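Notes for the one structure printed next.
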C-alpha cells in the first residue's frame, strides 16, 4: 500500500489538486460545505485525484460519464464538464461521451446531460 | 450530420465492431436476445462505437465507470471489463477507475464493481 | 374521493385481488413478510389494484416496465411477469415492453429483464 | 428477424412516427440534439416505436411509468405525458398509472410525476 | 399481526399523525394530490408512522437519509427536513446524517441534500 | 473545522472504529480491497464514523435505510444489518426501519431488504 502523508499536507495537496481540476467553481462548492467540504478536499482530491495510476483527463472522462448516467446531479455535472475542459478534454470529446451514455443509461440521461454541455458551450453546434 | 450507411452494412459493421470490442462474450449475448440483440448490434455498435470522435479505450473507460456507478448491471460489467482489457486498458487502470467511482457513487458501488474485476483477474493483487 | 371499505374487507379484497393477479407466487411472498406483507395486501392490492380506472392488464404492463427500468428487483419482476401472463398479456407483448425499456433505461436494464422473461418462458424463441 | 429498411427510409420513418407520437414537443427536442437526436429518431422511433407487436398507447403507458419510476427525467416525462394524450390515453388513465407507480417506486416518485401531469392538465381535478 | 382499525379512523389517525410530523407543509402536499394523497395519509401515516416499534425521530432520520441517498426527491426532502426538526432532530444531527450519506451514496447526493438543509436553516453555519 | 489527526493515527482510529461497528465481517471486506479498502478505513471509519455529533446507533439506522432504499447493495446491507445489531439496534427496530422504507422507495426495495434481515435472524418471526 502507498504511504499516506500527514493530514495538513493531505488537505493542502487536496486544495492544490481541486484548484487544478475544478478551478474556482469547485473551490466555491467546498468552501460552503463545512466538514463535508473538507472531506471532499481531503479524500476525493487529496487521496483519489492525486493518485498516479490514471490521468486527470481519464478521471474526468469517467466522472462526467458517471454523473450523466446517474442523473439528478446537474450541479456536479456542471462543475465536472468545466473540469473536463480544464484537463484537456475537448467539447467534441465530451459530446461523444454523452452519446456513449445513451445505450447504457437511456436517452433521458444522455439528453439531460447534453443540455448541460450545451449550456456550458453555447457557441459550439450540437 | 454524418451520412448513415444502408442497413445491411450497419448490421455488418456493428458485428465487426462488437467482435473487436467485446469478443466472444458480447457475441454470445446478442445472439441470444432476438430483436433486442439486433438493436444492440446496429445502434450501440454500428452507430455509436464506430464513431471516430472518441477512442474505443475511452468508450470502454466511460462504460465501465457508468455500469459500476449504476450498480445492478453485473452481467454487463463483466462483459465490459473484458472489453476494456481487449481495447488496451490495463488492470491497474481499471482498478483506478473503480477507485474513482467511490467519491461519486459511494463505496458500495465501487466495492461491488471491484469484486467483478477481482473475479476477472484473480492473479492480480487488489 | 371514493369511499373506503372497513379494514377487514380491505384485507379480504386485497387477498382476492392478489390471488387473481399474482396467483400462488404472490401469496407466498406476502405470507412470509409479516406486517410488511399485510401492507402490500391492503394498500397495493386492496387499495390500488382494485381501482376501476385502469385494467389489470394495463397495471401489469406498467409494473413490468417499471421493475425492468429500475433494475435490481428481479424477484419482483419474476412475480409480475407471471402476473402479466395471468391477466392476459402475451409473451410477445412482454417482449415488446422490454424492447421499449431500452431507449429509456438503457440496454443493461432491458437485457437483464429479458433474461427473466426467457427464464419464465424458455420454450418461446427470443 | 425482421428485415431492416435502408437508412434514409429509417430516418424518414422515424420522423413520421415521432411526429405522430410526440408532436412538436418531440421534434423540437431532437432537432436541437445533433447526432444524439438523429439516434433517437432512427433507433427509438424508426426501429422501436414502429414495431407492430405493441400499440402506441401501450408503449406510452410503459414509458410514462418508467420515467415516473426513475425520477429525474422531468423534461422527458413532460413530453411523454403529452404523447400519451396524443395516442389516446385519457388524463384519468394517466392519473391511475401514476397511482400505480407508488407501491413500486415509492410516493416521492409518484408525487413528482403527478405534479407534471397536473401542470399539463391544470383544469382537471387531481 | 396487529388489528387494523376501521377505515374512517385510519384516515383520521393518518391526518393526526401527518399534522404532528409534517405540519402544514405535509398537509398542503396531500390535500392537492387527490386519491394519491389519500393513500399517503392512510397508508404512510395511518399505517406506518403510527406503529409503536420505532420513534418518530428514528423514522425521520431514516427518511431523510433515504431521500438524500436517492436524489431527485428534493421537494420531499424539504418537507422531511422540516418534519425531522418537528420531531426533535437538531440541525447539527441532520448535518451529521448528510455527512453519513456521502460514503454510501457519493458526494453529489450528500452535497445536493446539504444544500436543502442550508436553505431551510440559513442562519446556521455549515 | 475540527483538527485532523496525522495519517497513521487516522488509519488506526479507522481500524478501531471498523472493528467496533462491523466486527469481523467488515474487516474481511476492507482487507481484500487494497487501496479502496484503505480509503474506506481512513475516510468512512476514521473521518466519518468517529464524529461525535451522531451516535453509532443512529449512523447504522441511516445506513441500513439508505442501502435498503438504493437496492443492489445486498453485500453491504448484510454487513450493516450485523453492524446495526452490534451497536444496539434490535431486530424489531430493524424490521420497523425496513417497513419505513416502503412508502419512500417502494415495496420491492423493502421486500428485498427484509429478506436479508430474515436471512440474518432466521429464528425471529417476520
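Among the residues of segment E:54-72, is there at least one that is touching a helix residue (DSSP H, G or I) at 6+ places or on another chain (Cβ under 9 Å), surrounded by fewer than 24 Cβ atoms within 10 Å (Cβ to Cβ) and within 14 Å of chain A (Cβ to nearest Cβ)?
The answer is yes; a qualifying residue exists.
Being facing chain B (nearest Cβ under 8 Å), assigned to a loop (DSSP other than H, G, I, E, B) and either touching a strand residue (DSSP E or B) at 6+ places or on another chain (Cβ under 8 Å) or touching a residue at least 12 places away in the same chain (Cβ under 8 Å) (or both) is the filter here, so list the residues in segment C:88-126 that pass it.
The answer is C:126, and nothing else.
Quick check on segment F:77-94: of everything there that is surrounded by 22 or more Cβ atoms within 10 Å (Cβ to Cβ) and over 10 Å from the mean Cα position of the chain (by Cα), which residue is farthest from residue B:70 (Cα to Cα)?
F:89
Could you list all residues from segment B:47-57 that are assigned to a helix (DSSP H, G or I) and either under 14 Å from the mean Cα position of the chain (by Cα) or closer than 23 Å to residue B:116 by Cα (or both)?
Looking only at segment B:47-57, we keep the residues that are assigned to a helix (DSSP H, G or I), and these are B:47-49, B:56-57.
The answer is B:48, B:49, B:56, B:57.
Between A:20, A:60, A:74, which is touching a residue at least 60 places away in the same chain (Cβ under 8 Å) and either farther than 30 Å from residue B:37 by Cβ or under 14 Å from the mean Cα position of the chain (by Cα) (or both)? Working first, answer last.
Details: A:60 fails: touching a residue at least 60 places away in the same chain (Cβ under 8 Å); A:74 fails: touching a residue at least 60 places away in the same chain (Cβ under 8 Å).
Criteria check complete, one pass: A:20.
All but one of (1) under 14 Å from the mean Cα position of the chain (by Cα); (2) away from chain D (no Cβ under 14 Å) hold for residue E:11, so report the exception by its number.
(1)
Considering only residues that are part of a helix (DSSP H, G or I) and under 15 Å from residue D:76 (Cα atoms), which ones fall in segment D:32-41?
Going through segment D:32-41, the residues part of a helix (DSSP H, G or I) turn out to be D:34-41.
Result: D:36, D:37, D:40, D:41.
Using the structure shown, decide if residue C:34 is buried (at least 22 other Cβ atoms within 10 Å of the Cβ), over 20 Å from residue E:36 (Cα atoms) and within 14 Å of chain F (Cβ to nearest Cβ). Outline the logic, then answer.
Details: buried (at least 22 other Cβ atoms within 10 Å of the Cβ): no; over 20 Å from residue E:36 (Cα atoms): yes; within 14 Å of chain F (Cβ to nearest Cβ): yes.
Answer is no for this residue.
Each reported figure results from applying straightforward, stated rules to the coordinates on display, with no laboratory input. In this text, all values refer to a predicted model and were calculated from it rather than measured experimentally. Here Cβ is always computed from backbone atoms with ideal geometry, including for glycine, and neighbour counts include all displayed protein chains.
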